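Undergrad: Dropping a structure here in structure tokens format, bear with me for questions.
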Amino acid sequence: MNKHRVAWHEAGHAVVGRHLGMAVTSVGIWQAKHKRLDGSTFKMWEGETRGNYNSLSPHDQRVISVAGAMAVYCWYEEAEGPPADNYLDFDSVADCMSTLDWTINDVAHNPGTMSDADERRWWKAMKEAHALLNCKTGPLWRELRWEATQLITTANSGKRQLRKLTIEPK
């Protein structure tokens, strides 16, 4: 993934997490070296947002877990404009979710295997995250942009570090 996409993803988790009452302790992105099966190496951008999810309701945990992917969706939506049919594309958002994002909610990394009840809960969480983060009316859009910019700036320094946050939930 590219640096900007990872920054927006992690910023989404951090901003929505704080908004919903999660004490976010750190957030960061960095380039990590990975090894291929043939022994060659490559670099890839990675990120992490740390906080106490367990203190929140299952619904709020779900909203935070989709907020990373939804932030990326909203970033593209701002650049390209909303879809002509104003359709929130579940598959596009699901493709931006990490394995950990899925694991937090005990949902397999295959949206097609969800029960009807899980799918309804997932849609509700996605719609709530979109309402918070979208560039037109989302109350957290400006904070999301600021946090993503801070992550990119820190990453540009070339250091692998998580920014320690002392910001308490709102």
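Undergrad: Largest first, what is the accessible-area ranking of 65, 57 with a 1.4 Å probe?
TA: Greatest to least solvent exposure: 57, 65.
Undergrad: Related question: When the distances between all Cα atoms of region 1-72 are binned every 10 Å from zero, what whole-number percent does each bin get?
TA: 21, 43, 23, 12, 1
Undergrad: How many percent of all Cα-Cα pairs in region 39-78 sit more than 11 Å apart?
TA: In whole percent, the long-distance tail amounts to 73.
Undergrad: How large is ³J(HN,Hα) for each residue in region 62-71, as worked out from phi by the Karplus curve 6.51 cos²θ - 1.76 cosθ + 1.60 (θ = phi - 60°), to whole Hz, x for Gly and Pro?
TA: 5, 4, 5, 5, 8, 5, x, 5, 5, 4
The values are calculated or read from the model by the stated rules, or taken from the named source; none is laboratory data. Everything numeric here is computed off the predicted structure, so don't read it as measured data. Note: areas computed on protein heavy atoms with side chains; ligands, DNA, RNA excluded. Shrake-Rupley method; radii C 1.70, N 1.55, O 1.52, S 1.80 Å.
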